[in-house]
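Enquirer: Structure in structure tokens, see below.
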Amino acid sequence: MAKNIQAIRGMNDYLPAETALWQRIEGTLKQVLGSYGYSEIRLPIVEQTPLFKRAIGEVTDVVEKEMYTFEDRNGDSLTLRPEGTAGCVRAGIEHGLLYNQEQRLWYIGPMFRHERPQKGRYRQFHQLGLEAFGLQGPDIDAELIMLTARWWRALGIADHVALEINSIGSLEARARYRDALVAFLEQHKEKLDEDCLRRMYTNPLRVLDSKNPDVQALLGDAPTLGDYLDDESREHFAGLCAFLDAAGISYTVNQRLVRGLDYYNRTVFEWVTNSLGSQGTVCAGGRYDGLVEQLGGRATPAVGFAMGLERLVLLVQAVNPEFKADSVVDIYLVASGAGTQTAAMGLAEQIRDAVPGIKLMTNHGGGNFKKQFARADKWGARVALVLGESEVANGDVVVKDLRTGEQQTVAQRDVAAHLQALLG
């Protein structure tokens, strides 16, 4: 017997019972995006490898360890996208979207990183990303954070996420801070683990992200980025804080907060949660004013963020179990007897024409009424429509409310209006 082929480790199937909740969550997210005037852009899953090396940085963990890179038949190096911002910027430049104009874009889809699979973190994972181009004030940074806060309220998880913000300044300010941090770390090499020793010279700000408790204790005495900020970045950050205060959004200034990708400057932020075990990031982003020019476009201010949907779904399930998937079926059409199946299918089409968007399933499995009602219950239907031979002959249908058990015989020509009133 041939061996069954299974999914690749860390790349998961999502079955109908799961995708129904995903769809409701995604629908909620998209509704909020529309209320802020953002438009969807759809991007390729595969890009040329140099795009990510130039955008993310050659000495980041993503580029060094995590990308799925391969050579195609033409000898070109291609990579499954590990994140969405670089591809969005590439598309904006390629199609002239960023020249002297604002753009507010969002995208959703799978990303790929070769990491150790664990709860909420997989090798194929899904992100929703948002990017705003051509706007440079702290007001747009604040609006992005306000948008995310509206998501949390809509999903019923606002009490289980906390906002951390920081400014990592200009490139010049970061260079000064980097020198000071390296000088400090060189005095304490014996306390650094192997990974931090490597990062100390290749990407020293990433040492701040170390999960090693001994390193974190050491960093308590390290210089802070805030001491090296340029005046413009300091003013920008003060403006952001003022906007958040006015909006009533609580936050913590985390001086050690940096982002794992090299293109960020000034504002960085993360929404974190303790409700999934150890603290985890739900959503993160910041400014990247130099990236468009770095990838060949004209200098364009930009800010954005990405959110991992797997972790968001887990959080909603953990803290707001009342936020359930929409039902797959509102109405189940039961039919039994000679000639009733043809009549049932015709009636179903009539109802769908009259009530667009109605969720109506017709029984196609045969069986007596008892079995068909069991199927209606399995699908979570609120109403059953019953067609027997007498109903077909009389042009009627029995409408049964499966929650109360009440039923009523209705003329087929009136059933659509009756259902609209019954289902609200």
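Enquirer: Tally Lys and Arg at +1 and Asp and Glu at -1 over the other residues with C-beta under 9 Å from the C-beta of Ala302: what net charge comes out?
Expert: -1
Enquirer: Note down the magnitude of the dipole of the chain about its Cα centre, charges +1 on Lys and Arg C-beta and -1 on Asp and Glu C-beta and zero elsewhere, to the nearest 20 debye.
Expert: Around 1200 debye, computed over the chain.
Enquirer: Follow-up question, since we're still on this one. Tell me the relative contact order for region 331-423 as a rounded percent, counting alpha carbon contacts under 8 Å between residues six or more apart.
Expert: With pairs under 8 Å counted, the relative contact order is 31 percent.
Enquirer: Shifting gears a bit: Kirkwood Rh over alpha-carbon pairs of the chain, then Stokes-Einstein at 25 °C and 0.890 mPa s: what D in µm² s⁻¹, rounded to an integer?
Expert: 98
Enquirer: OK, next. Find the centroid of the Cα atoms in region 384-424 and in region 1-69, then give the distance between the two in whole Å.
Expert: 44
Enquirer: Could you give P(r) for region 1-137, binned at 10 Å from zero, as whole percent values over all Cα-Cα pairs?
Expert: Per 10 Å bin, starting at 0, the Cα pair percentages come out as 10, 33, 34, 19, 3, 1, 0.
Enquirer: Which of Ile351, Gln372, Val399 sits closest to the plus end of the dipole of region 331-423, meaning its Cα is farthest towards the positive end, when Lys and Arg get +1 and Asp and Glu get -1 on the C-beta?
Expert: Toward the positive end, the furthest listed residue is Gln372.
Enquirer: What order do you get for 2-10, 331-339, 39-47 when each peptide is scored by the mean count of other beta carbon atoms within 10 Å, highest first?
Expert: 331-339, 39-47, 2-10
Enquirer: Quick one: dipole size for region 182-238, taken about the Cα centre, charges +1 on Lys/Arg Cβ and -1 on Asp/Glu Cβ, in debye to the nearest 20.
Expert: 260
Enquirer: For region 331-423, what is one quarter of the convex hull surface built on the Cα atoms, given in nm²?
Expert: 5.3
Enquirer: Explain nothing, just compute: Karplus ³J(HN,Hα) = 6.51 cos²θ - 1.76 cosθ + 1.60, θ = phi - 60°, for every residue of region 403-417 in order, whole Hz, x for Gly and Pro.
Expert: Here the 3J(HN,Hα) series is 8, 9, x, 6, 9, 8, 8, 10, 5, 4, 5, 9, 5, 4, 5 Hz.
Enquirer: Normalise the Cα radius of gyration of region 138-191 by 2.2 N^0.38 Å (N = residues in it) and let me know the number.
Expert: Taking the Cα Rg and dividing by 2.2 N^0.38 Å, one obtains 1.80.
Enquirer: If you add up the charges near Ala343, with Lys and Arg at +1 and Asp and Glu at -1, over every other residue whose beta carbon is less than 10 angstrom from its beta carbon, what do you get?
Expert: -2
Enquirer: Based solely on its DSSP helices, what 222 nm [θ] is calculated for the chain when runs of n ≥ 4 H residues each add -39,500 (n - 2.57) and the sum is averaged over all residues, nearest 500 deg cm²/dmol?
Expert: Value at 222 nm, helices only: -11500 deg cm²/dmol.
Enquirer: Ok, one more. Looking at region 373-424, which GluC sites (Glu not before Pro) are in a loop (DSSP not H, G, I, E or B) and have at most 12 other Cβ atoms within 10 Å?
Expert: Sites meeting the loop and neighbour criteria: Glu406.
Enquirer: Report the convex hull volume per residue for region 73-211, counting only C-alpha atoms, in Å³.
Expert: So the per-residue hull volume is 209 Å³.
Enquirer: Please tell me which of these pairs span more than 21 angstrom C-alpha to C-alpha: Lys324/Lys400; Lys378/Lys400; Lys119/Lys211; Lys65/Lys211?
Expert: Lys324/Lys400, as the Cα separations exceed 21 Å there.
Enquirer: Just need the relative contact order of the chain here, percent rounded to a whole number, with Cα pairs under 8 Å and 6+ apart.
Expert: With pairs under 8 Å counted, the relative contact order is 16 percent.
Enquirer: Follow-up. Could you please state, rounded to a whole Å, how far the C-alpha centre of region 310-371 is from the C-alpha centre of region 131-153?
Expert: First find each Cα centre; the distance between them is then 39 Å.
Each value in this text was obtained by applying a stated rule to the coordinates, not by laboratory testing. This one's a predicted model, so the numbers in the text were calculated from it and none came from an experiment. No Cβ is skipped: glycine too gets one built from the backbone with ideal geometry, and neighbour counts run over all protein chains shown.
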